[in-house]
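Here's the structure, in structure tokens; my notes come after.
The values are calculated or read from the model by the stated rules, or taken from the named source; none is laboratory data. Just so you know, these numbers come straight off a predicted model, no measurement behind them. FYI the Cβ positions are ideal-geometry reconstructions off the backbone, even for glycines, and counts take in every protein chain you see. Accessible surface is based on the protein model in full, side chains and every heavy atom, while ligands, DNA and RNA are left aside. Shrake-Rupley method; radii C 1.70, N 1.55, O 1.52, S 1.80 Å.
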Amino acid sequence: MRTAIATSDYFVLGETFINRHIEHIFGGDTVVIAGRHNGQDPYGKPLFVRRAPLSPRDRLSAPFAALTGAALHGTSRLPFGDNRRHLAEFLRAQKVEAILAEFGTQALVVAKLGNDLGIPVFSYWRGTDASRALRSRQRVRSYRLMMPRLAGIFSVSQFLLDNLAAHGVTHPNAHVVPSGVDVRRFAPAEKVRGSCLAVGRMVEKKAPQVTLRAFSAAAKGREAHLTFIGDGPLLEPCRALATELGVGDRVTFTGALPHDSVRDHLTRTEIFLQHSVTAKDGNTEGLPTAIQEALACGCITLSTRHAGIPEAVEDGVNGLLVDEWDEAGFAERLGALLDTADRSAMSRAARETAVARFDNAALIGRVEAVMCDTVNG
């Protein structure tokens, strides 16, 4: 089934879940609708960039289009004028049979046009679109108005579906399908004793300072080294904090790395650390891809009871969990892990969880089956 993948920015190296759909869903029979394009297209797909410069006529009508969209549909982001016509022509010319909007906010852009063209539209909810975005009454209203236009919705976690439902945003054809991981490429290798790893943007909801302080406390008198992979506004403050805590020689900050390099680190790492919290603006995780990749690599995950994380990490079985902001508990449980002579059982359980529940080939198959059943049903 020829599918248009709607996304905000293309190509983004770190958006592995979106890139996987572009490359693999329905055997790669896909086209891309992007808000912006950075010039890279590693998959060679037909591409439509929505945010093209407006024609003189459309510049004049833009304020009216935005007001009309906000009044009738709860959003000013609907394509209009020449850009709408060109997008419709693209979808027809490419013989698109379904649209999969990555993030609910992208579904807002394409749902009405899909309906007008008779193309079923599905949305995939992944985190901020079903957490921070719900702080806006206007956004909640737009989601509610959009739901009847969608053929179905997917979410990476039950937590996000529950979050949407608490705001009156529901759909009868809703499915929990995590992003998943390629369990054939992400697999355990020989582990480096005492190795710890944290992966992700150095931002508030990842609380890297909490992870760093907890590691500093747990590492005293123990064999341990922590590597942070990722960049962001909290990177330099964390570098300074590591020096201040006296663990500068036991913590490595790599900055952002290619996905293959992240995988190489995960295969050799014993303990994966992610102290996710709800940010002040309400932003949360969905179900972090990095945790799914860590499980596949047999890493023992120490994380928080946050968003969809407890749907993947079972406390005491394949990892350990503490409450958000429980820095002392995080340090205590890390210290206990480091003191455990044989950590192999929990590592095996992590790998088994990923193979059984997060194999992305099987998960893409589930998405395809839902879309086919809905379209052909």
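Annotations
- Residues satisfying the stated conditions in the stretch 126-159, i.e. open to solvent by 30 Å² or more (accessible area, probe 1.4 Å) and among the hydrophobic types (A, V, I, L, M, F, W, C): 145, 159
- Here residue 123 passes the criteria (1) of a type in the set (S, T, N, Q); (2) assigned to a strand (DSSP E or B); (3) open to solvent by 50 Å² or more (accessible area, probe 1.4 Å) except the one numbered (3).
- Residue that is over 21 Å from the mean Cα position of the chain (by Cα), over 20 Å from residue 330 (Cα atoms) and among the hydrophobic types (A, V, I, L, M, F, W, C), where the choices are 240, 217: 240
- Any hit, the stretch 264-277, residues being closer than 21 Å to residue 17 by Cβ, surrounded by fewer than 22 Cβ atoms within 10 Å (Cβ to Cβ), in contact with a Cys (Cβ under 8 Å, 6 or more places away or on another chain) and not acidic (Asp, Glu): yes
- From the list 327, 314, the lone residue that is open to solvent by 10 Å² or more (accessible area, probe 1.4 Å) and either of a type outside the set (Asp, Glu) or touching a residue at least 60 places away in the same chain (Cβ under 8 Å) (or both) is 327.
- Number of the exception - residue 289 against (1) at pLDDT below 95; (2) more than 19 Å from the chain's Cα centre (by Cα): (2)
- Selection status of residue 178, in a loop (DSSP other than H, G, I, E, B), under 21 Å from the mean Cα position of the chain (by Cα) and within 30 Å of residue 45 (Cβ to Cβ): yes
- Pairs where the first residue, in the stretch 41-63, is without any contact (Cβ under 8 Å) to a residue 40 or more places away in the chain and open to solvent by 80 Å² or more (accessible area, probe 1.4 Å) and the second is of a type outside the set (A, V, I, L, M) and in a helix (DSSP H, G or I), C-beta under 7 Å, 6+ apart: 57/81
- Candidates 359, 281, 326 - the one that is of a type in the set (Asp, Glu), modelled with pLDDT of 95 or more and either closer than 30 Å to residue 26 by Cα or out of contact with any strand residue (DSSP E or B) (no Cβ under 9 Å at 6 or more places or on another chain) (or both): 359
- Search result, residues across the stretch 340-367 that are open to solvent by 30 Å² or more (accessible area, probe 1.4 Å), closer than 13 Å to residue 270 by Cα and part of a helix (DSSP H, G or I): 344, 345, 346, 348, 351
- Test: residue in the stretch 218-226 that is assigned to a helix (DSSP H, G or I), open to solvent by 40 Å² or more (accessible area, probe 1.4 Å) and either polar (S, T, N, Q) or within 26 Å of residue 295 (Cβ to Cβ) (or both): no
- Restricting the stretch 64-78 to residues that are open to solvent by less than 30 Å² (accessible area, probe 1.4 Å) and not in a helix (DSSP H, G or I), the residue that is farthest from residue 8 (Cα to Cα): 74
- Unmet requirement for residue 247, which otherwise passes all of (1) under 22 Å from residue 351 (Cβ atoms); (2) in contact with a Phe, Trp or Tyr (Cβ under 9 Å, 6 or more places away or on another chain); (3) aliphatic (A, V, I, L, M): (1)
- Number of the exception - residue 261 against (1) within 20 Å of residue 14 (Cα to Cα); (2) within 18 Å of the chain's Cα centre (by Cα); (3) open to solvent by 20 Å² or more (accessible area, probe 1.4 Å); (4) not charged (D, E, K, R): (2)
- Test for residue 305: is it in contact (Cβ under 8 Å) with a residue 12 or more places away in the chain and under 30 Å from residue 26 (Cβ atoms): no
The rows are residues; the columns are (1) over 21 Å from residue 9 (Cα atoms); (2) open to solvent by 10 Å² or more (accessible area, probe 1.4 Å).
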| residue | (1), (2) |
| --- | --- |
| 90 | no, yes |
| 94 | no, yes |
| 101 | no, no |
| 107 | no, no |
| 112 | no, yes |
| 116 | yes, yes |
